Amino acid sequence: MTASSTPAGDKLVEVSGLTLAIGAKGRQIVRDVSFSVSAGEFVGLVGESGSGKTQAARAIMGLTPLPLLRTAGSIVFEGEDIAQVGEKRLRSLRGARIGMVFQEPMTSLNPSSTIGSQLDEGLALHRPQLNKAMRRELALDMLARVGIADPKAALSAWPHEFSGGMRQRMMLASVMLLEPALLIADEPTTALDAVVQRDVLELMVNLTRERNTAVLLISHDLPMVARYTERVIVMKQGEVVESGNTAAMLAAPVQDYTRKLLEAIPRRQPARVLPAAEPVVEVRNLVVEYGGHQRLFSRTASKRVLHGIDLSIQPREIVAVVGGSGSGKTTLGRTIAGLIKPTEGDILFKGHAIHRSDPGWRDYRLNCQMVFQDPYSSLNPRMTIAQLVGEGLRQVDGMSNADKRARVAKMLQEVGLDGKYGERHPHELSGGQRQRVAIARALVRHPAFVIADEPVSALDVTVRAQVLELFAELQDRHGFSCLFISHDLGVVEQVADRVLVMQSGRIIEQGSRDAVFDQPQHAYTRTLLSAIPALIPTPGGGMQLKWRFDEPATAAAAIATPIPV
């Protein structure tokens, strides 16, 4: 059975002159947008945050939130104008004919329902001819198809019991169970590591190809779009500025905005030569073990998450830590920062071992600051920006309130936020601005050592480039050392002096950035580097897809050749 009755190559959905505004006469969020997706086609929709790409895609399903209204244009799906149908008809199309995979599976999966009940819900609604036993068999088969090791156990499990990659597989399973004609995938792999990204996307390609399902892939990850899509649509401030064949557009972009997006892709910088010096921070035989949970008559076994880690970080050096989800890289960063108590091992600061009971612990904690992954959840929403940045100066002895205010104002200027931002609250800022505040808060004390945990993972391509450029400028100006934790290999290739590769709580490979990226010694490192392609500049000002190790040479080859999950 195929998902679509529309022959491959024929237009499945056609959006013409779509305009969305806040109220009938309010500000236009999407203006005169037109594009089409054919049956079986893989189309990318790209642009910065706020470009309107998600709202334009949601309009196809009639999911634009109030007070956002469609004030002009049409959306024709399988010959039917969605604007002319009622809510009852839209509900019958959602899921059954048009499916959507959202950006964050934990917020789109119901935490109070088991995986089985959530898979069953759509089948019961849209396939009333199937009895409960038949629906269960279909659910088990689909869970097996998406790579769940024990489908029967998964049916009775809850969403929080699975990793992000597993939850995204289950979201894909719930959508593909109904065999939709169109799948809208909105940033489906943003928070996933490189290998899991590849697995989820290859799975999506294989499942949709079998059913002739068209895919509209919304993403700011241009290398991923280059690999998986045949055609791409570029949006800016609510308008389509360029569209066409993906490979051709990458090779020779017409619009300045498209070139700007391509130029913002992280790329390797010349290697720095740092003078030899005593390490700022050292870690020796670091072990972290989580105790088991107490049950009624027993206790579960403890779990070791870090196994004897050794590392050192020189003055002004940026050491990147990469690895899959669950490899222990964030636990390592939090332990070094003093947020997790180590089970064994030593942390040395400027040559001296420090422990929580030592007099030097306070000095170390003040000189070791952390930039967290999600600034919105790490910034107190009740405090102003000036108060948040000034928090780091509370324990500074001999500094007057006037001097503190001056230091805060100067720090905000250094991160590109002028004085008016000081009185705002976090919700009044964009994601990129909030990340600038998080960086300012970490650096306001002029620390010797900064731990940056996925500091740009949730940012779009241009904002990410701005934040990375800012981070490099501040690091050069203030001279702090940095442990940079990331799953984005492109970002690591741009910022790192040295790279550590972690797997299952161990460092399996380390070396200079160029050595690790160009001549990886461990099979897992090679797998990581092979998972996601790179876009490299061409003489004509465009970009070309590059595979590090024995991968298909073009996006079309990736589409045509299934890769087992």
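Taking amide H positions as placed 1.01 Å from N in the peptide plane, with prolines and chain starts having none, which residues 5 or more places from residue 36, or on another chain, fall under 5 Å of its amide H?
The answer is 15.
Using the Karplus curve 6.51 cos²θ - 1.76 cosθ + 1.60 with θ = phi - 60°, what ³J(HN,Hα) values do you get for each residue of the stretch 132-149, in whole Hz, with x for Gly and Pro?
The phi angles translate into 4, 5, 5, 5, 5, 5, 5, 5, 4, 5, 5, 4, 5, 5, 8, x, 7, 5 Hz.
On a straight-distance basis, which lysines could pair with residue 329 in a cross-link, Cα separation under 19 angstrom, same-chain partners fewer than 8 positions away excluded?
Correct list for residue 329: 303, 341.
Only Lys, Arg, Asp and Glu count, each charged at its Cβ (+1, +1, -1, -1), so figure out the dipole size of the stretch 38-116 about its Cα centre, rounded to 20 debye.
Result for the stretch 38-116 is approximately 240 debye, rounded to the nearest 20.
So what is the relative contact order of the chain, in percent, for Cα pairs below 8 Å that sit 6 or more residues apart?
Normalised by residue count, the contact order of the chain is 16 percent.
Taking every alpha carbon pair in the stretch 438-495, what does the distance histogram look like in 10 angstrom bins from 0, in percent?
21, 61, 18
Quick one: accessible surface of residue 290, probe radius 1.4 Å, all protein chains present, in square angstrom to the nearest 10.
For residue 290, the solvent-accessible surface is approximately 90 Å².
So who's got an amide H within less than 5 Å of the one on residue 52, skipping anything under 5 residues away but keeping other chains? H placed 1.01 Å off N, in plane.
238
Quick check: net charge around residue 134, other residues with Cβ under 14 Å of its Cβ, Lys/Arg +1 and Asp/Glu -1?
+1
Let me cross-check residue 441: its accessible surface, 1.4 Å probe, with only protein heavy atoms counted, in Å² to the nearest 10?
40
Using only the Cα atoms of the stretch 464-518, construct the convex hull and provide its projected area averaged over every direction, in square nanometres to one decimal.
4.2
Using Cα atoms only, what is the angle between the long axis of helix 194-210 and the major principal axis of the chain, expressed in degrees (0 to 90) to the nearest 10?
0
Among the lysines, select those whose C-alpha is under 26 Å from the C-alpha of residue 88, and discard any that sit fewer than 8 residues away in the same chain.
Result set, ordered by chain and number: 11, 53, 132.
What 222 nm value per residue comes from the helices of the chain, counting each DSSP H run with n ≥ 4 as -39,500 (n - 2.57) and dividing by all residues, nearest 500 deg cm²/dmol?
Calculated from helices alone, the mean residue ellipticity at 222 nm is -10000 deg cm²/dmol.
Report the Cα centroid-to-centroid distance between the stretch 140-205 and the stretch 64-134 in angstrom, as an integer.
What the calculation gives is 17 Å, centre to centre.
Once you have the Cα-Cα distance between residue 425 and residue 127, take 0.36 nm times their residue separation minus that, and quote the gain in nm to one decimal.
102.5 nm
Compute the orientation-averaged projected area for the stretch 81-131 from the convex hull of its Cα atoms and round it to one decimal in nm².
Averaged projected hull area, Cα only: 4.8 nm².
What do you reckon, how do 370, 502 stack up by accessible area (1.4 Å probe), largest on top?
Accessible-area ranking of 370, 502, largest first: 370, 502.
Hey, what do the phi angles of the stretch 24-41 turn into as Karplus ³J(HN,Hα) couplings, whole Hz, using 6.51/-1.76/1.60 and θ = phi - 60°, x for Gly and Pro?
Computed from phi, the couplings for the stretch 24-41 are 4, 10, x, 5, 7, 8, 10, 10, 6, 8, 9, 6, 9, 10, 8, 4, x, 8 Hz.
Show which lysines lie in cross-link reach of residue 404 when reach means a straight Cα distance below 23 angstrom and same-chain residues fewer than eight apart are skipped.
420
Nearest 20 debye, what's the magnitude of the dipole of the stretch 170-289 about its Cα centre given +1 on Lys and Arg Cβ and -1 on Asp and Glu Cβ?
Taking the Cα centre of the stretch 170-289 as origin, the dipole is about 400 debye.
Taking amide hydrogens as modeled 1.01 Å from N in the peptide plane, which residues meet the under 5 Å criterion relative to residue 460, leaving out close sequence neighbours?
Amide H neighbours of residue 460, under 5 Å, 5+ apart: 49.
Residue by residue through the stretch 444-449, which ³J(HN,Hα) values in whole Hz follow from phi under the Karplus form 6.51 cos²θ - 1.76 cosθ + 1.60 (θ = phi - 60°), with glycine and proline marked x?
Result, rounded to whole Hz: 4, 8, 6, x, 7, 9.
The values are calculated or read from the model by the stated rules, or taken from the named source; none is laboratory data. Everything numeric in this text was worked out from a predicted model, so none of it was measured. Ideal geometry is used to build each Cβ from the backbone, glycine not excepted, and the neighbour counts take in all protein chains shown. Side chains included, ligands, DNA and RNA excluded: accessible areas come from the protein's heavy atoms. Shrake-Rupley method; radii C 1.70, N 1.55, O 1.52, S 1.80 Å.
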